[in-house]
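A.B. asks: Questions regarding the structure given below will be posed in turn.
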Amino acid sequence: MFSLNFLSVKSRENDTSLIETTCKATPFYNLCVLALESDPHSSSTNVPGLAITGANILKVNSNATLTQITSLLKEAEDRSVKKALLECVEYYNAIIEHDVRVVINTARTNVPRYGRDAMNDAANEALACERSFKNQPHAPHLPRYVHNLSVVVSSIITLLL
């Protein structure tokens, strides 16, 4: 018996459509598109793959924020600022070591609810870090990117439920 196997090759237009359609389901459309399109592999994946891509990008940015926090910690003189920065180190370590890992594992095993919960935790941890500086006169500016990207990845995972 003779059979032909055809490879499905997506056009760039169709790839963008998947990213755009997926990102329209998130509250931060522009961030979602920019983040996902920054990874060349996202153009040839499915929605679970986009969630994993988003989680990997989140990990890179969480590491960058953690590096910034660690640097600020070395320079901080005020005890209350140091205390807040140490709390942030804990929050960002949890994002990197636990939350991102859960998303990657659950997206691969078709149990997306745990990944969504982990990304909601990551968003809350990023906000908790920011809130730890409330009423601090010398509070550092930490970007909301990690929070917003966590919300994006959570929204992508919600599509899998």
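A.B. asks: Would you mind estimating how fast the range 16-161 diffuses translationally, via Stokes-Einstein at 20 °C and 1.002 mPa s with the Kirkwood radius over Cα pairs, in µm²/s? Walk me through the numbers on the way to the answer.
C.D. replies: Working: Rh = 15.4 Å.
Answer from the Stokes-Einstein relation: 139 µm²/s.
A.B. asks: Take each complete run of DSSP H in the chain, measure how far its Cα atoms stretch along the helix's own axis, and keep only those covering 30 Å or more with mean Kyte-Doolittle hydropathy at least 1.6; list them.
C.D. replies: Working: long enough: 47-75 (42 Å, 0.49).
Going by DSSP H runs, there are no hits.
A.B. asks: Any cysteines in the chain with zero other Cys Cβ atoms under 4.7 Å from their Cβ? List them, or say none.
C.D. replies: None; all cysteines have another Cys Cβ under 4.7 Å.
A.B. asks: So, by mean Cβ neighbours within 10 angstrom, what's the order for 18-29, 116-127 with the highest one leading? Don't skip to the answer; put the middle values down first.
C.D. replies: Numbers: 18-29: 16.8, 116-127: 22.1.
Top of the packing list down: 116-127, 18-29.
A.B. asks: Once you charge only the Cβ atoms, +1 for Lys and Arg and -1 for Asp and Glu, what is the size of the charge dipole of the range 30-158 about its Cα centre, to the nearest 20 debye?
C.D. replies: Working: 12 positive and 13 negative charges, 27 e Å.
With only Lys, Arg, Asp and Glu charged at Cβ, the dipole is about 140 debye.
A.B. asks: Distance between the C-alpha centers of the range 97-111 and the range 73-92? Whole Å please.
C.D. replies: The distance from the Cα centre of the range 97-111 to that of the range 73-92 comes to 29 Å.
Values quoted throughout were computed directly from the atomic coordinates according to the rules given, and no laboratory measurement underlies them. Computed from a predicted structure; not experimentally measured. With ideal geometry, Cβ positions are generated from the backbone for all residues, glycine too; neighbour counts draw on all protein chains shown.
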